[in-house]
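The values are calculated or read from the model by the stated rules, or taken from the named source; none is laboratory data. What you are looking at is a predicted structure, and each value in this text was computed from that prediction instead of being measured. Every residue, glycine as well, gets a Cβ built from its backbone with ideal geometry; the counts of neighbours run over all protein chains shown.
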Amino acid sequence: MLRKVLYKKFEPLITKVVSFLADRGILPYQLSFAGAALSLLTGVIYAKGYLFLGSIFLLAAGLGDLLDGPLARLTGKASSFGAFFDSTIDRYSDFFIFGGLAAFFVWQGEVFWFFVTLGIILGTFLVSYTKARAENFIKNCGVGIFGRAERILLLAVATFFSPLLKLVLLVLLIGTHATAVHRILHTRKTLEQTPNS
């Protein structure tokens, strides 16, 4: 949801940026790999306790994720495999980011927040999985408000202003699982309304 809103608001700027990248021969998969590499670095930075610095790298990683799709469309390289590949890379990135936070809490001796972070990792994977699996049976299952863009932005804000971190983690824990459940219920309702489902 947020990704679509941001794209509409900043479409002229995004178009200029992706045109600049395309003119220099940058390929969409290179942006995807760069985003994953920055996500891994973000996780390492979080694990070491540099939350503010991590928030900067997280936003940079998120920028790569925002631009790879428009770049693929501009260069005529958009494909079903490309979308699949990008989604797969995103799952690695999610694990790097939240895995780094989990490691931070372990080293701080905060076991409860370690398990909260593990719950968020599970929730992020379920949000993605329920959509991907549902769309084998229904046309669209992009419902819910805790998509990847929302998660990244919330975590970036929370680690930029670290006193907010634990509150935001609880919001992410509840929000990701609520979104997964929303998608399950949406799929069931849609299938029940579809003849011969």
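The residue that is surrounded by the most Cβ atoms within 10 Å (Cβ to Cβ), counting only those in region 46-61 that are assigned to a loop (DSSP other than H, G, I, E, B) and not basic (Lys, Arg), is Tyr50.
Table: residues versus (1) at negative phi; (2) touching a residue at least 12 places away in the same chain (Cβ under 8 Å); (3) among the polar types (S, T, N, Q).
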residue: Thr42; (1), (2), (3): yes, yes, yes
residue: Tyr46; (1), (2), (3): yes, yes, no
residue: Tyr50; (1), (2), (3): yes, no, no
residue: Ser55; (1), (2), (3): yes, yes, yes
residue: Gly62; (1), (2), (3): yes, yes, no
residue: Gly69; (1), (2), (3): yes, yes, no
residue: Arg73; (1), (2), (3): yes, no, no
residue: Phe84; (1), (2), (3): yes, no, no
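Counting just the residues of region 97-142 that are part of a helix (DSSP H, G or I) and polar (S, T, N, Q), which one comes out surrounded by the fewest Cβ atoms within 10 Å (Cβ to Cβ)? Taking the candidates together, the pick is Gln108. For region 143-158, residues that are buried (at least 16 other Cβ atoms within 10 Å of the Cβ) and either without any contact (Cβ under 8 Å) to a residue 24 or more places away in the chain or outside any loop (DSSP other than H, G, I, E, B) (or both) total 10. Among the residues making up region 159-177, a single one is β-branched (Val, Ile, Thr), out of contact with any helix residue (DSSP H, G or I) (no Cβ under 6 Å at 6 or more places or on another chain) and either within 14 Å of Leu101 (Cβ to Cβ) or in contact (Cβ under 8 Å) with a residue 12 or more places away in the chain (or both): Val171.
Could you please let me know if Phe96 is touching a Gly at 6+ places or on another chain (Cβ under 8 Å) and of a type in the set (Phe, Trp, Tyr)?
Yes: the conditions hold for Phe96.
Across region 73-102, the number of residues qualifying as among the hydrophobic types (A, V, I, L, M, F, W, C), touching a Ser or Thr at 6+ places or on another chain (Cβ under 9 Å) and at pLDDT 85 or above comes to 8.
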